[in-house]
Amino acid sequence: MKVALRVLAVVLVILVAGGLVFYFHPLWVADQQLRFALWHEGVKSEYVEVGGYRLHYFEAPSTNRVNGTPLVLVHGLGARGEDWAKMMPVLAAHGFHVYAPDLLGYGRSEKPNVDYSITTEEDVIVKYMQAMHLAHADVGGWSMGGWIAMKLALDHPELVERLAVYDSAGIYFPASFGPDLFVPVDAAGLDTLMKALTPHPRAMPDFAQRAVLRKLAANGWVVNRSMNAMTSGRELLDFRLHGLKQPTLVVWGSRDDLIPLSVGQRIHDLIPGSSLLVVQGCGHLAPAECAAPVVKGTVDFLQADPAMAGIEKTVAGN
């Protein structure tokens, strides 16, 4: 009886301690769960020196080929490599060797005192590919990452075989939001941000909201510098996209309120021979919230022989 009571007491202490950790550090707990799930799927978490800075990245070797097709995935503003979590293992299972770096200033990469412009992050990707001995690769970019990926394909066409962009920035459009959207300071601002990102925002308890706001505030200076560089207009690609020669897929959520579908259609029109995939009912987070149709469209495009060109398709979301 005494042994049982002791065991019960230990269990209760563990449960209470776990509950307190989750209450005060919910994002840390969620991160550990996500990273364990990725590790279990064969996705490795690594570091490499790039241009004198320590860069974190995920690597998912192909699970059905000895030498998988290299695929570099570039995340967006305020994001990190984990944002590709739903896609990386599935792409690896389809024969791709996936690389998903945290851009400079984001995720677990170093955060130096630099401008965080599109050109700066493009240079990071160039040096990252060199460090990983990738003479060329397919490249995918999401939101700001799409802008970086398109500029990379224009400035360094020898590095990019095929290009896929997801709800991408990079051309002018009359934005319905200000730069402060991405660094909210209160629950109301966080609610506005989530409604811009997804048509299906989930309610968060107060302790989770506080944790998210703390995290956004800690990295807010990097996001603000990125936004200042993007909104200056100096790196917009409106008058350059006609020069893209790589086969290109433009993927968009039909309910993206942050960067509307009309922007995706314009990018599609500007890139010669590009294909457009619209995912119904999904918002700006389509690669995460509607991963299944997005992955299928991506794999179909990247593995098409001959290369897909001029295709326009609408598919159902999850």
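A short reminder: the numbers here are calculations on the coordinates, not readings from a lab. All values reported here derive from a predicted model rather than from experimental measurement. With ideal geometry, Cβ positions are generated from the backbone for all residues, glycine too; neighbour counts draw on all protein chains shown.
Candidates (1) 70, 44, 40; (2) 76, 47, 44; (3) 58, 46, 38; which is the computed Cα extents along the principal axes in Å?
Entry (2).
Can you give me the distance in nm between label points at residue 114 and residue 27, each placed 7 Å from the Cα along the Cα-to-Cβ direction?
Distance between the two pseudo-spin positions: 2.3 nm.
Give me 99, 128, 47 sorted ascending by neighbouring Cβ count inside 10 Å, so fewest comes first.
47, 128, 99
How much of the DSSP beta bridge set in the chain is antiparallel, as a percent to the nearest 5?
Percentage antiparallel, nearest 5: 30.
Give me the distance in nm between label points sitting 7 Å out from Cα along the Cα-to-Cβ direction at residue 181 and residue 126, one decimal.
Placing both labels 7 Å beyond Cα along the Cβ direction yields 3.0 nm.
Which of 176, 275 has the fewest other C-beta atoms within 10 Å, and how do the rest follow up to the most?
176, 275
About its Cα centre, how strong a charge dipole does region 161-318 have in debye, to the nearest 20, once Lys and Arg get +1 and Asp and Glu get -1 at the Cβ?
The dipole of region 161-318 has a size of about 240 debye.
Assigning unit charges at the beta carbon (Lys, Arg +1; Asp, Glu -1) and nothing else, what dipole magnitude in debye, to the nearest 20, does region 140-195 show about its Cα centre?
Working: 3 positive and 7 negative charges, 23 e Å.
Once rounded to the nearest 20, the dipole reads 120 debye.
Only Cα pairs under 8 Å and at least 6 apart count here; give the relative contact order of region 138-282 as a rounded whole percent.
29
Take residue 261 and residue 304, extend 7 Å from each Cα along the Cα→Cβ direction, and tell me the distance between the two endpoints in nm.
The answer from the label model is 1.9 nm.
Work out the length of the dipole vector of region 65-207 about its Cα centre, built from +1 on the beta-carbon of each Lys and Arg and -1 on the beta-carbon of each Asp and Glu, and round it to the nearest 20 debye.
400
Given N residues in region 95-139, what is its alpha carbon radius of gyration divided by 2.2 N^0.38 Å?
Taking the Cα Rg and dividing by 2.2 N^0.38 Å, one obtains 1.23.
To test your reading of the geometry: what angle, between 0 and 90 degrees and rounded to tens, separates the Cα axis of helix 261-270 from the longest principal axis of the chain?
Taking the Cα atoms of the chain, the angle to 261-270 is about 40 degrees.
For region 200-305, state which trypsin sites (Lys or Arg not before Pro) are in a DSSP loop and have at most 11 other beta carbons lying within 10 Å of their beta carbon.
When the trypsin sites (Lys or Arg not before Pro) of region 200-305 are filtered for loop state and at most 11 Cβ neighbours within 10 Å, 202, 234 remain.
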